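Before any comments, here is the structure.
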Amino acid sequence: MISRLEGIGMTSRRTRERMIKRLQELGIQNQAVLDAMLNTPRHIFVEDAFASRAYEDTALPIGFNQTISQPYIVARMTELLLERGPLKKVLEIGTGSGYQTAILAQLVKLVYTVERVYPLQQRTRRRLQAIKLRNVRYKHSDGVLGWQEYAPYDGILVTAAPAEMPQALLEQMARGGVMVIPVGDNGQQALQRVTRIDPGYEAEIVEPVVFVPLLSGIV
Ligand code: SAH
């Protein structure tokens, strides 16, 4: 695959190759997902003080009490989302650092991403523009409401955990659409994959996970 991000962050390519090998050992198989992660400079998505640790398989602080998701979970969620075929329109809840957004933007046609913390959203928008990812639309809003204006979405990916499945997100899924979402409170969260079938929904529990909570309201 020719990367849309070719030429940037090449200094860390070898470090990223090691990260990819580790992801494969953990069971990630989707080559397009692995390629996107190989080509994306994760170090520009974390604070400078943590840049040297950007390719460890760990979550790291991004300010505002939030964290960039660990590479394994980004890979796993993206793989689950895309497993049944390519997607055109994907809604992401919890833009955060934009790392997951950048991976998605290389694999689908258009990404709609919603973030509740305004300064975080602004910083991420500049960052993704700087690396020339143009197929991303941003909204500062409470993601529990989804983004009705562009619904339905054939994929929805949620990167903060609600205690219960948000009704608006279920409603904004296209028929046959897929949502990957961590659900539960701090003690116990499970990654779920929901498919909209006609009529109703089908949910699979994938694995236990630890995410920051989906908070209500905007700041
Ligand atoms: N995918 C991001 C994950 C960041 S952590 C990354 O890898 O960097 C979760 C993000 O969800 C945070 O940025 C947090 O501010 C945001 N968030 C939490 N509750 C939200 C809500 N109700 N609506 C939108 N974003 C929310």
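The values are calculated or read from the model by the stated rules, or taken from the named source; none is laboratory data. In this text, all values refer to a predicted model and were calculated from it rather than measured experimentally. A quick note on method: Cβ atoms are made from the backbone with ideal geometry, for glycine too, and the neighbour counts reach across all protein chains shown. With ligands, DNA and RNA removed, areas are computed over all heavy atoms of the protein, side chains included. Shrake-Rupley method; radii C 1.70, N 1.55, O 1.52, S 1.80 Å.
At 1.4 Å probe size, with every protein chain present, just tell me what the per residue accessible area of the chain comes to in Å².
Values: 10310 Å² over 219 residues.
I get 47 Å² per residue for this part.
Report P(r) for the chain: all Cα-Cα distances, bin width 10 Å, range 0 to the bin holding the largest distance, values in whole percent.
That works out to 8, 37, 40, 14, 1, 0, in percent per bin.
To the nearest 10 Å², what's THR78's accessible area with a 1.4 Å probe?
That residue has around 0 Å² of solvent-accessible surface.
Relative to the longest principal axis of the C-alpha atoms of the chain, give the angle of the C-alpha long axis of helix 13-25, reported between 0 and 90° and rounded to the nearest 10°.
The answer is roughly 40 degrees.
For a quick check of understanding: with a 1.4 angstrom probe and all protein chains in place, what accessible area in square angstrom does LEU38 have, to the nearest ten?
About 30 Å², ignoring ligands and nucleic acids.
Can you give me the angle between helix 118-130 and the longest principal axis of the chain, using Cα atoms only, in degrees from 0 to 90, rounded to the nearest 10?
50 degrees
Of all the accessible heavy-atom surface of the chain, with the other protein chains kept in place and a 1.4 Å probe, what percent is carbon and sulfur?
Details: 5230 of 10310 Å².
Carbon and sulfur together cover 51 percent of it.
Highest mean first, what order results for 120-128, 92-100 on Cβ atoms within 10 Å? Present the calculation step by step, with values, prior to reporting the outcome.
Working: 120-128: 18.3, 92-100: 26.1.
Result, highest mean Cβ count within 10 Å first: 92-100, 120-128.
I'd like the accessible area for TYR150: 1.4 Å probe, protein heavy atoms, all chains in place, Å² to the nearest 10.
80 Å²
Counting each DSSP H run of 4 or more residues in the chain as -39500 (n - 2.57), what helix-only mean residue ellipticity at 222 nm follows after dividing by all residues, to the nearest 500 deg cm²/dmol?
-7500 deg cm²/dmol
Charges only on Cβ, +1 for Lys and Arg, -1 for Asp and Glu: so what's the dipole of the chain about the Cα centre, in debye to the nearest 20?
Numbers: 26 positive and 22 negative charges, 203 e Å.
Dipole of the chain, to the nearest 20 debye: 980 debye.
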